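Right, one structure below, let's go through it.
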Amino acid sequence: MNQAFVRFPRGFLWGTATAAYQVEGNNTNSSWWQWEQQPGRILNDDKSGLACDWWNGRWKEDLDRAAETSQNAHRLSVEWSRVQPEPDRWDELAIERYRSIMRGLRERGLMAMVTLHHFSNPIWLEEQGGWENPETPLKFAAFVRKIGEALKEYVSYWVTINEPNVFTYTGYLEGKFPPGKKDFNAAMHVMENMVRGHALAYHALHEIQPEARVGLSIHYRSFKPASSSPLDRFVARIQSAIFNDLFPRAAKDGKIRFLYRSINVPEAAHTQDFLGVNYYSRDLVSFDITRAPALFGRLRYPENADLSENGFIANEPEGFFESLKWGLQYEVPMLVTENGVEDLEDKMRPRYIAQHIHQLWRAVNFNWPIKGYFHWSLVDNFEWERGWTMRFGLWGLNVDTQERIRRKSVDLFADICKENGLSSEMVQKYCPEVLQNIFPD
Ligand code: FCB
């Protein structure tokens, strides 16, 4: 057998990512909690309930698991609706609890990356029009200031907004996230206000903590035209321009480019110290006249794709390399802030991890400025409109008993983190089916 080992630079960050609403439980003041109560919104009408019970303290045991398996960083989020349950009230006890979680990260040797908006809004904000309301960026900035002050001694990396592109598409074009709209005009307002909110948050954090590193996490999809027809090519181009590029370009040069108009937001220029890349899969896209709200794009996976359990993700590791190549144009360091696959039985995950880490190494080997990798996720968690049907954790979760189930991917990822690299022995041990693909004879 080939003996091979691919190594990452010293100090590379290895961790997992989570989001408050998905792990804390009982986030009753969030727009998502209300959404869950409406029949038909979540698959099987699943409820987040206690989620992974982090708010009652189970974050401790899960972060122990992360540290014991050689991770050195963790990405998590702060839930706005907990910190500001009503427009004129800060919950100081909730903030204190977040401080103790941050201390817990430090005690375990986990570098903290904190996301300030991960899909969930306070109910009061949603009632005022959410991100369609031009006042929302200011309100977001006030919340960011409050948290910046409270957590600055513990946090090195801040993600202002997680996947503003997914938030807008899913909530305002596809109607699957709250507020369930299909309205391109509303989506444009939301995108503009999110750029403004991000810019205000960036400046606020730098005022509070000059050495802060602040950025956005973008869900990147490499849209490939499904055929050579000009319409498919056109639709792939516009999907990519809006979905992938609108936010990081605005954060680079202060200009929002919609299809037929642009808006100058000068305060957004140079507001990314790093680019967060979330990569899961890549799609073929074709023109479909019936899909007007979703910019006329119909997405599908290639024939014979290596599909995840529910078909939600195709294992396309080369797309990961493409995502990092795409990120280079923004000329800032990159962090992979999410990457993973839904897989209850853990049949695909080991090879998905090994193949993606191998592509990551290829990119690092070109000396592209990539500083770390966060796997989604540490433990199965509440998967938004797909409820509990999709299991992304290294550890499984029994939702009824809160018991954690150690999947074999835990050990593969632990070996990668510990060795700061990937070896042919690891691949042979955990996913021999891709040994020839990763380390050919
Ligand atoms: C991303 C989200 C994350 C999780 C994964 C599977 O789009 O940021 O919260 O749902 O997908």
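The values are calculated or read from the model by the stated rules, or taken from the named source; none is laboratory data. Being a predicted model, the structure only gives us computed values, none of them experimental. Please note: Cβ atoms are built from the backbone with ideal geometry, for glycine as well, and neighbour counts cover all protein chains shown. The area values use the complete protein model at the heavy-atom level, side chains included, leaving out ligands, DNA and RNA. Shrake-Rupley method; radii C 1.70, N 1.55, O 1.52, S 1.80 Å.
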Selection from Phe184, Val265, His206, by position along the positive dipole direction of segment 179-265 (Cβ): Phe184
First measure r as the distance between the Cβ atoms of Ile263 and Gln436, then evaluate 1/(1 + (r/R0)^6) with R0 = 41 Å and state the FRET efficiency to the nearest 0.05. 0.25
Taking Cα pairs under 8 Å and at least six residues apart, what relative contact order does segment 213-365 come out at, in percent? 24 percent
One-quarter of the Cα convex hull surface for segment 287-441, in nm²? 11.6 nm²
Please state the relative contact order of segment 92-166 as a whole percent: Cα pairs under 8 Å, 6+ residues apart? 53 percent
Considering only protein heavy atoms, what per residue accessible area in square angstrom results for the chain with a 1.4 angstrom probe? 38 Å²
Quick one: putting +1 on the C-beta of Lys and Arg, -1 on the C-beta of Asp and Glu, what dipole do you get for the chain around its Cα centre, in Debye to the nearest 20? 900 debye
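Report the net charge of residues surrounding Ala20, where surrounding means a beta-carbon distance below 12 angstrom and charges are Lys +1, Arg +1, Asp -1, Glu -1. Numbers along the way, then the final one.
Working: positive: Arg75, Arg82, Arg97; negative: Glu24, Glu79.
Net charge around Ala20: +1.
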Can you tell me the convex hull volume per residue for segment 125-243, based on C-alpha atoms, in Å³ to the nearest whole number? 115 Å³
Taking only protein heavy atoms and a 1.4 Å probe, the highest-to-lowest accessible-area order of Asp53, Asp91 is Asp91, Asp53
Hull volume in cubic angstrom per residue (convex hull over the Cα atoms of segment 5-69): 146 Å³
Evaluate the distance, in nm, between pseudo-label points positioned 7 Å from the Cα of Arg89 and of Glu68 along their respective Cα→Cβ axes. 3.9 nm
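On a full-extension model of 0.36 nm per residue, what is the gain between Gln34 and Glu135, subtracting their alpha-carbon distance, rounded to one decimal in nm? Don't jump to the answer; show the numbers that get you there.
Working: separation 101, 0.36 × 101 = 36.36 nm, distance 2.23 nm.
Length gained, Gln34 through Glu135: 34.1 nm.
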Using a 1.4 Å probe and ignoring any ligands, DNA or RNA, find the accessible area of Arg249 and quote it in Å² to the nearest 10. 100 Å²
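With Cβ to Cβ distances under 14 Å as the rule, what net charge do the other residues near Pro178 carry (K, R +1; D, E -1)?
Values: positive: Arg41, Lys176, Lys181, Lys182; negative: Glu36, Glu126, Glu127, Glu132, Glu174, Asp183, Glu385.
Here the charged neighbours net out to -3.
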All lysines inside 29 Å of Lys47 as judged from Cα atoms, apart from same-chain residues fewer than 8 positions distant: Lys60, Lys139, Lys176, Lys181, Lys182, Lys347, Lys408
Quick one: 3J(HN,Hα) in Hz for segment 100-105, Karplus 6.51/-1.76/1.60 with θ = phi - 60°, rounded, Gly and Pro as x. 5, 5, 5, 4, x, 4
Quick one: plug the Kirkwood hydrodynamic radius of segment 240-297 (C-alpha pairs) into Stokes-Einstein at 25 °C, 0.890 mPa s, and report D in µm²/s. 186 µm²/s
How fast does segment 35-155 diffuse by Stokes-Einstein, in µm²/s, taking the Kirkwood radius from C-alpha pairs at 37 °C and 0.692 mPa s? 206 µm²/s
So if R0 is 25 Å, what FRET efficiency would Arg10 and Asn398 give, r being the distance between their Cβ atoms, rounded to the nearest 0.05? 0.05
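Packing-wise, with mean Cβ within 10 Å as the measure, how do 381-389, 191-199 rank, highest first? Walk me through the numbers on the way to the answer.
Numbers: 381-389: 20.4, 191-199: 24.7.
Output ranking for 381-389, 191-199: 191-199, 381-389.
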Quick check: at a probe of 1.4 Å, how many percent of the accessible area of segment 303-441 sits on carbon and sulfur atoms? 46 percent
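Per DSSP H run of at least 4 residues, take -39500 (n - 2.57); add these up for the chain, divide by its residues and hand me the 222 nm value, nearest 500 deg cm²/dmol. Show your work: numbers first, answer last.
On the way: 16 runs with 161 residues, N = 441.
Calculated at 222 nm, the ellipticity per residue is -10500 deg cm²/dmol.
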Using Cα pairs closer than 8 Å and at least 6 residues apart in sequence, work out the relative contact order for the chain, in percent. 19 percent
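Given 25 °C and 0.890 mPa s, how large is the Stokes-Einstein diffusion coefficient of the chain in µm²/s, with Rh as the Kirkwood radius over Cα pairs?
Details: Rh = 22.0 Å.
Stokes-Einstein gives a translational diffusion coefficient of 112 µm²/s.
Sum up the charges of everything whose Cβ sits under 14 Å from the Cβ of Val166, counting Lys and Arg as +1 and Asp and Glu as -1, but leave Val166 out. Write out the running numbers ahead of the final one.
Working: positive: Lys176, Arg221, Arg386; negative: Glu163, Glu174, Asp283, Glu338, Glu383, Glu385.
Result for the local shell: -3.
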SASA check, Leu307, accessible area w/ 1.4 Å probe, all protein chains in place, rounded to nearest 10 Å², comes out at 90 Å²
